[in-house]
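Notes to accompany the following structure.
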Amino acid sequence: MKLTWNACLKVGVSAFALYLCIHFWPAAVTLLGTVLSAATPLFVGFVIAYIVNIPMSAMERRFFPKSEKKAVKKLRRPLCLVGAVLSLIAIVALVVWLVVPQLVSCVQLIIDELPDFINRQVARAKELGIFSPETIGMLENIDWPSKLGQFAQIITSGIGDVATAVFSAVSSVFSGIVTAVISVIFSVYLLMGKDRLKRQYHKLAGRYLKRSWCEKIDYVAVIVNKCFRRFIVGQCTEAMILGVLCMLGMWILRLPYASMVGALIAFTALIPVAGSFIGGAVGAFMILTVSPVKALVFLIFLVILQQLEGNIIYPKVVGTSMGLPSIWVLAAVTVGGSVMGIGGMLLGVPLAAAVYRIIREHVNKKPAQEQE
């Protein structure tokens, strides 16, 4: 092999670049983390825009799609954007309106009834002779309301200095509000100018990338977009099915708060597989204020329903909508949840569907010799 100055220069530059990467790796990671942290509102805004774009695009297809009037073209996107945002806000507000007041009243009821409940259990233990007379006497002499108040005070005071805690809370809330406002504004800009951004991307990619690369990037982007869109739609469909089944089952079993718990289960079921258990814990807590036996019945019913949903409904609904076999849906949820928690569950299924579709189409594609 003949050595040339060009080849030696490439090897030297590559070695020097590798040395810089190894030597300055900690600083590069720190810098990258700072940049990603600063760009968090933009990432959140992109996620908001992607979710809002699904109902907005559906509305745009139905709001005079073939009209050539300038007024219709000018107003179609803003009106559809407002309609999509209002629809999502209405859904969230409905769930909050159904759940939060009842949850607050249940907590207040437990706080009010807990001392009497403890005294009744102490009296029952005395009748059954479970504890010694000295222990029973000590338990009967405890002022449970004041003890509960002291316990709550210990919890609140154990957080730290009041001024520091208040300042930290105000700072975090203010930071969260600023991030939310920037994210919403960025998402609105993305949604209103998505066609222009798409044209700019194609112009930039066509100028600096090879045509074959542009085609491959567009191909992968289209598949990933379809998989994520179908996943979101399928997840919402599955959540509605689970909420309705939960509500009907609670009505048949004559459990309290059927419609409210059903709405809560449907809302939390947007988190794959584990979401219904999160809603179930809150639902069981609320039913507990009415009857511990009914709360136990609800938990047993929810476990059975969760097994039905996790092994039959979820793989069929979500997997069918995305073209992903049921076994790979379960595998994606399991692996994604183990690696990244709830976020991994949300991302694992659409990413697995995209990879599955790309590999399937590549494998089924006929070689050039066969096509001839």
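Read-outs throughout are calculated quantities, based only on the coordinates presented, and are distinct from any laboratory measurement. For clarity, every value in this text was computed on a predicted model and none was experimentally measured. No Cβ is skipped: glycine too gets one built from the backbone with ideal geometry, and neighbour counts run over all protein chains shown.
Taking other residues whose beta carbon is less than 12 angstrom from the beta carbon of Lys194, and scoring Lys, Arg as +1 and Asp, Glu as -1, yields +2.
Here is the list for region 42-93: trypsin sites (Lys or Arg not before Pro) lying in DSSP coil, each with at most 16 other C-beta atoms within 10 angstrom of its C-beta, are Lys66, Lys69. Stretching the chain fully between Arg211 and Met340 yields a gain of 42.9 nm (0.36 nm per residue, less the alpha carbon separation). Tell me, what is the percent relative contact order of region 211-362, built from C-alpha pairs under 8 Å that lie six or more residues apart? Relative contact order for region 211-362 comes out at 25 percent. When peptides 12-20, 184-192 are ranked by their average number of other Cβ atoms within 10 Å per residue, the highest-first order is 184-192, 12-20.
Between Cys236 and Leu75, the contour length at 0.36 nm per residue exceeds the Cα-Cα span by 55.1 nm.
Convex hull volume of the Cα atoms of region 211-362, normalised per residue: 95 Å³. Per-residue extension of 0.36 nm, minus the Cα-Cα distance of Val11 and Val47, leaves a gain of 8.8 nm for this segment. Assuming R0 = 51 Å, can you tell me the calculated FRET efficiency for the pair Asn364 and Gln108, based on Cβ-Cβ distance, to the nearest 0.05? The pair Asn364/Gln108 has a calculated efficiency of 0.25.
Here the peptides 230-238, 201-209 are ranked by packing, the mean other Cβ count within 10 Å, and the order with the highest first is 230-238, 201-209.
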